[in-house]
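Please read the structure below before turning to the comments.
Laboratory data are not the source of any read-out in this text; all were calculated from the coordinates shown. None of these values were measured; they are calculated from a predicted model. Neighbour counts run over all protein chains shown; Cβ positions are idealised from the backbone, glycine included.
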Amino acid sequence: MLARLRDLQTRVQELRQAADNPALERTMQLLDLYCHMARWELGDVRAMNPEAETR
Amino acid sequence: MKLYKPEIEAQKFWNPYTQTMPRAELDQLHLRKLQTTIEYAYARSPMYRKLLDRHKVKPEQIRTLDDFVKRLPFIDKKEILDAQAVSPPFGDALAIPEDFFHQRFATSGSTGAPLHIPLTYHSAELWGESWVYLYWAAGLRARHSFYFPFNWGIFAAFWSAYMGVRRLGATVISGGGLDSKARLRQIDQYRPDVMLATPTYALYLGETAREIGVDLARTSISTVIVSGEPGGSIPATRHAIETLWGARCYELYGIAEIGPTNPGCAMQEGVHLCEDWYHALVVDESGNPVEPGAVGEHIVTSYIQDGQPLIKYRTHDLVRRGDRPCGCGTTWAFYPGGVLGRTDHMIIVKGVNVYPAAVEALLHRIDGLSEHYEVHVDRDATNDFVTVRAEARPGIDAARYAELGRDAEGVFKSVIGVSIDVAVQAPSSLPRYELKARRFFDHRPAGHRWQLAGRSEP
C-alpha cells in the first residue's frame, strides 16, 4: 500500500508541475496533500507537509 | 450506494493501524514525527530557532525520546505572544507564507492579548480528523447529521468539530446566529442525530426547553458531544446531560491554540491522546514525567501545526496519566476523568490537592442541589481555603438549604478529607452562561501557583 501511495504521490506531483490552469493546479496540490497525509497515517513520516518535502 | 464499503464501516477504529499499535512501535513513530517537527520548526520558525539556540539545542541532537524530554525546552503562551508582537499578528512565530493560510483563529484574550492562530489547509483537515476518532468510536458514520448551536466566530471553538464532520463525510446543520429557542425549533425541524456544545450549554438548553415546553429526550438527538470545558468525563455531569437529552454523551478535550488533542471513546470514562497527530507528556512541577496514575501538567506537541509550530507547549491543564488501558481497545494514552483542573486553579487545602472537577462531581451526589455552583478560593497565611456556593433545585424548601449545605460539607470531608464550607442559595441566584460557565473564582494573592521548574530558561 505504501509503495503504491508513494508512486501515486510522485505522479500527482508531476501533474501539479505540468498543470496549466489554476483550478487544476489547486486540485493537484490538494491531491498531493492527501497523499502526504495518507503516508503519515501509515507511519511513513518524511516531512511536516508536502511543500517541505519538495522544496 | 454508500460512502464507505460495508466491511470498512463496520470497523471499530478510524485508523486501526496506529490506534492499536503496540506502545514500543508507537514511541518509535513518535520519535520520527518529533524529529521531523523540530527540524521543520527550527528551519522555518524564527521563534523556535531563537528558543533552541538560546538553550543550545540543535535538532540533530534529539536522537531519542529521552533527549526530547530532557533537552528540548518547554514553551509557554507568553513566549508565543512575545514572538507574535515582533510584527503582529504572527511575527516570529510564523513558519509558512500567507499563501498557505486557510483560516485564522484567535484565542479569547481573556487573560490579556489574544493569541493568533494561522491554520493551513493541511492543519485544518487534520484538526478535523482528531474529532473523527471520537465520532467513529461513538458509532457515528457518514449517514448521520450533526447540529452546531454555535456562532462561528473567530474563536476556534467548534470549527474543528465541523472540519471533522466534513472529514467523516457526514452532514453539517448550522445553528449559527440564532438564540436558544430558535435552535430548539431547528432541532425539531431538521431532526439531527448529534448535538455538539459545551457541557454548560447542553444543560442550559435544558432550561430553555423547559420554558417552552420541549422534552429534549423526545428530540431526534441520540448523541451529544461536549467540549470546551470539563464535564463530559465527570460521571455525574455526563449523566445529567444524558438524562436530559435521552442521548449518549461523549467528550473531546482540546486546546484553542493547538487543536483537538484528546478525543473520548466508547467507554466514556476519559479521553485519549490523538497519537496520530500529537505527542504529550504529563509532568510534575520539576518538569519530569510523572508515574502512571499520577496527576501532572499536560505538555503537548502538535505534528500538524505547520503554520505556527508548537512543541512541548505548556497547557496548564492538569490530567492524570492513566495506568491501565480504558478497555476500548486502543493503545493510545488514556487520561481518566479528562481534564481535572488547571495548574493555576489547583487548590491545596491543609496539604491535600483539591481539583475543581472533583468538587463538581461530589456536589452532584447531593440530591436537592442543581448543577449550578461556584468555587471561591482564598488564602490565609498558610493554607488555601474554599467556599462553595451551590444552588438548590427548584421546589426545595428554603428551610432545607442549611441541611443540604451540611450534607455537601460531609461528603467533601469523607471523600476528599478536607473541610469546605458550602452555602446553598435559591434556584437561579447564580449567573447563567451560554458557553463556558465561570465556576472558579480565585481570590488568592498572585504568585501562589503551580510553578514548573527548570527548562524554561537556560
| If the cut-off is 15 Å between C-alpha atoms, which aspartates and glutamates fall inside it for B:Lys50, apart from same-chain ones fewer than 8 positions away? | B:Glu39, B:Asp76, B:Glu79, B:Asp82, B:Asp92, B:Glu457
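Can you give the net charge of the other residues whose Cβ lies under 9 Å from the Cβ of B:Leu318, counting K and R as +1 and D and E as -1?
With Lys, Arg at +1 and Asp, Glu at -1, the net is 0.
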| Which number do you get for Rg(Cα) / (2.2 N^0.38 Å) in chain B? | 0.99
| note | the stretch B:71-186: antiparallel bridges as % of DSSP beta bridges, rounded to 5, reads 55
| For the stretch A:4-48, what log10 I(q)/I(0) values come out of the Debye formula at q = 0.24, 0.26 1/Å, with one point per alpha carbon and no solvent? | -0.78, -0.87
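From the Cα gyration tensor of the stretch B:77-173, with a ≥ b ≥ c the square roots of its eigenvalues, which class applies: rounded if a/c is under 1.5, or else prolate if a/b is larger than b/c, or else oblate?
Details: a/c = 2.78, a/b = 2.05, b/c = 1.36.
Here the stretch B:77-173 falls in the prolate category.
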| field | Placed amide H near B:Glu391: partners under 5 Å, 5+ positions off or other chain | value | B:Ser370, B:His372, B:Gln425
| request: Name the shape class, rounded, prolate or oblate, that the alpha-carbon gyration tensor gives for the stretch B:14-78, where a ≥ b ≥ c are the square roots of its eigenvalues, rounded holds for a/c under 1.5, and otherwise prolate holds if a/b is larger than b/c and oblate otherwise. | output: prolate
| query | How would you rank B:Lys70, B:Lys77, going from fewest to most other Cβ atoms within 10 Å of each one's own Cβ? | reply | B:Lys70, B:Lys77
| Relative intensity, log₁₀ I(q)/I(0), of the protein assembly as shown from a Debye sum that treats every alpha carbon as a point, q = 0.06, 0.11 Å⁻¹ | -0.29, -1.00
| query | Amide H of B:Tyr250: which non-local residues (sequence gap of 5 or more, or other chain) have their own amide H closer than 5 Å, using H built in the peptide plane? | reply | B:Val224, B:Ile225, B:Val226
| said: Restricted to Cα positions, what overall size does the stretch B:196-328 have along the principal axes? Three whole-Å values, descending. | reply: 53, 35, 25
| request: Calculate the dipole size of the stretch B:225-381 relative to its Cα centre from +1 charges on Lys and Arg beta carbons and -1 charges on Asp and Glu beta carbons; express the result in debye to the nearest 20. | output: 240
| If you place +1 on the Cβ of every Lys and Arg and -1 on the Cβ of every Asp and Glu, how big does the dipole about the Cα centre of chain B come out, in debye to the nearest 20? | 560
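Mind checking Rg over Rh on the stretch B:397-441, alpha carbons, Kirkwood formula for Rh? Mind showing how you got there, number by number?
On the way: Rg = 12.9 Å, Rh = 12.3 Å.
We get a ratio of 1.05 for the stretch B:397-441.
Can you sort B:Asp380, B:Asp317 from fewest to most other Cβ atoms within 10 Å of each residue's own Cβ? Intermediate results must be reported in sequence, preceding the final value.
Values: B:Asp380 7, B:Asp317 24.
Going from least to most buried by this count: B:Asp380, B:Asp317.
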| said: Helix-only estimate, please: 222 nm mean residue ellipticity of chain B, summing -39500 (n - 2.57) across DSSP H runs of length 4 or more and dividing by its residues, to the nearest 500. | reply: -9000 deg cm²/dmol
